[in-house]
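See structure below.
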Amino acid sequence: MEVTISKHKTGCIGLVGHVGVGHVHSHLGFVQDDSGGLAVVASLLQKALPVDTTVHRVNCDLKQNCITVTTRGGGTGAASPRRGISPAEAELMQAAVGQDAIFTQSLAVRTFGRLYGQGIWETPVAFQSALALSVIDTFVRNYPHHCLIVDEDIPGNHGRILGAVVDITGIPVSMLAVVNATAGGIGPNEDLEGNIMSGAKGELMERLSLDSIPTIVVEGKAYVPSVCATLTDLTFWIRAQENVDNTTIARKLLAAATRQKIPAGLSLDALPQEKGALRQATYNLGQRIANLGQCLARAEKAADKVAIVAKLATLISQDAGGVTFMSDAQHEVVRGAGLLPGTGAVLSLLVPPSYIDWWKIPLLTAADVNNYLRIITVAISQMKDQVGRPSV
């Protein structure tokens, strides 16, 4: 695989991947490593712009309430958890030194044992934010002339978006590495995930022609009970809604996986545009929380109070992730994967029940990323004759 920095201003194919910092759980048993998109795009970009994203130092200023991650390549990222940093947490984070910051969620989970968003456990989520931001900054510091950078302009978010154009086997590809991170480690808020066009990110996408070229949107490693129940091995999942998304790209991705004997499946009906779906889900969750609140208000025995609060904790730490991550109106258009209609297809990785029973939370690995790259690069080479000429 030959990957070099391109002389073109835009690509003729797009590749977009994000990290939804703290977006681990959702409703109905859904659980994921939502850092896969960033890890894949950054790993591919490293082949054209070599940088060292190994964690060199983790500095925790308890008085200033700030976690700062520095990579060996000189990049830094900082974040502050809402309820401060304990000395024990600061000590735990030192275990990340020497590990690759590209695997942001896996590294946060391996450091703290678990990861919960929605304001449940802010320090690990803030740590993940600092890791992700350090990766972006490493590229920018080492290759300022090849990297386009904007900040998330969503109120309450402090993520960054990196754009670049590389040639993959001679084909110019516009790449976007997206960090969606909510201040305070309370996330997720992912109104700028995938190839959603809005604000400064939308302007950057226009500069890279990502508003018009066929695009692969990379999602993470997930357990989706309704889809994964019959799986026995890791399996890539390719999604594009018929008559809404770019099903040609979806089929190219499937063909690329099949050609290399990598397990994969294609769904052309898994991303429907359902008006009011997220609004209804939010309402339903709110009602469940309200009902438990009423039960708590009436409870007198300690055992009852504990049981009710435990149910509330489960709803907030897991189910709520399925409604907080995106605004209702946004979801009606781009759906859960943040896919702009007509532009592309989504590539993610599913795990079987045996995997989730053991690991509890999916952990992205270097081997996973390598398989993503194998599929993506072959698919891009197959699309060469079906795309237009890039800008020079």
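Taking segment 122-143 as the range and being farther than 12 Å from Asn180 by Cβ, of a type in the set (Ser, Thr, Tyr), out of contact with any helix residue (DSSP H, G or I) (no Cβ under 7 Å at 6 or more places or on another chain) and surrounded by 24 or more Cβ atoms within 10 Å (Cβ to Cβ) as the test, the residues that pass are Ser134, Thr138.
The set of residues from segment 230-248 being hydroxyl-bearing (Ser, Thr, Tyr) and either over 19 Å from Tyr355 (Cβ atoms) or modelled with pLDDT under 95 (or both) comprises Thr247, Thr248. For segment 243-300, residues that are touching a helix residue (DSSP H, G or I) at 6+ places or on another chain (Cβ under 6 Å), charged (D, E, K, R) and in a loop (DSSP other than H, G, I, E, B) total 1.
Would you confirm, using the coordinates I've provided, whether Thr282 is polar (S, T, N, Q), surrounded by 14 or more Cβ atoms within 10 Å (Cβ to Cβ) and assigned by TED's automatic domain parsing to the domain that holds Ser106? Here the answer is no, as Thr282 does not meet what is asked. Residues being modelled with pLDDT of 95 or more and in a loop (DSSP other than H, G, I, E, B) are entirely absent from segment 160-175. Only one entry of Thr343, Thr324, Thr377 meets the criterion of being within 15 Å of Ile213 (Cα to Cα), among the hydroxyl-bearing types (Ser, Thr, Tyr) and crowded, with 16+ Cβ neighbours inside 10 Å, and that entry is Thr343. Can you tell me which residue is nearest to the chain's Cα centre (by Cα) among those in segment 51-98 that are surrounded by 17 or more Cβ atoms within 10 Å (Cβ to Cβ) and in a helix (DSSP H, G or I)? The residue in question is Ala96.
Listed conditions (1) under 18 Å from the mean Cα position of the chain (by Cα); (2) at pLDDT 95 or above are all met by His8, apart from (1).
Restricting attention to segment 46-84, the residues that are among the β-branched types (Val, Ile, Thr) and in contact with a Phe, Trp or Tyr (Cβ under 9 Å, 6 or more places away or on another chain) total 5. Residues of segment 166-225 that are among the small types (Gly, Ala, Ser) and either surrounded by fewer than 24 Cβ atoms within 10 Å (Cβ to Cβ) or more than 27 Å from Leu363 (Cβ to Cβ) (or both): Gly170, Ser174, Ala183, Gly184, Ser198, Gly199, Ala200, Gly202, Ser209, Ser212, Ala222. Look at (1) assigned to a helix (DSSP H, G or I); (2) surrounded by fewer than 22 Cβ atoms within 10 Å (Cβ to Cβ); (3) in contact with a strand residue (DSSP E or B) (Cβ under 8 Å, 6 or more places away or on another chain); (4) not aromatic (Phe, Trp, Tyr) and you find that His146 fails only one, number (1). Of all the listed residues (Lys221, Lys201), the sole one being basic (Lys, Arg), out of contact with any helix residue (DSSP H, G or I) (no Cβ under 9 Å at 6 or more places or on another chain) and touching a residue at least 12 places away in the same chain (Cβ under 8 Å) is Lys201. Evaluation of Gln318 against the conditions (1) out of contact with any helix residue (DSSP H, G or I) (no Cβ under 8 Å at 6 or more places or on another chain); (2) surrounded by 21 or more Cβ atoms within 10 Å (Cβ to Cβ); (3) outside the structural domain of Ile171 (by TED's automatic domain parsing); (4) not basic (Lys, Arg) shows that the sole unmet condition is (1). May I ask you to list the residues in segment 112-136 that are in contact with a strand residue (DSSP E or B) (Cβ under 6 Å, 6 or more places away or on another chain) and not in a helix (DSSP H, G or I)? Selection gives nothing. Selection over segment 226-263 of residues that are within 14 Å of Pro214 (Cβ to Cβ) and either in contact with an Asp or Glu (Cβ under 7 Å, 6 or more places away or on another chain) or without any contact (Cβ under 8 Å) to a residue 24 or more places away in the chain (or both) gives a count of 1.
The set of residues in segment 301-320 being of a type in the set (A, V, I, L, M), outside any loop (DSSP other than H, G, I, E, B) and touching a residue at least 24 places away in the same chain (Cβ under 8 Å) consists of Ala313, Leu315, Ile316. Of the set (1) assigned to a helix (DSSP H, G or I); (2) in the same structural domain as Thr235 (by TED's automatic domain parsing); (3) surrounded by 15 or more Cβ atoms within 10 Å (Cβ to Cβ), all apply to Pro362 but (1).
The values are calculated or read from the model by the stated rules, or taken from the named source; none is laboratory data. Predicted model only: the values in this text are computed from it and were never measured. So basically every Cβ, Gly included, is an ideal-geometry build from the backbone, and we count neighbours across all protein chains shown.
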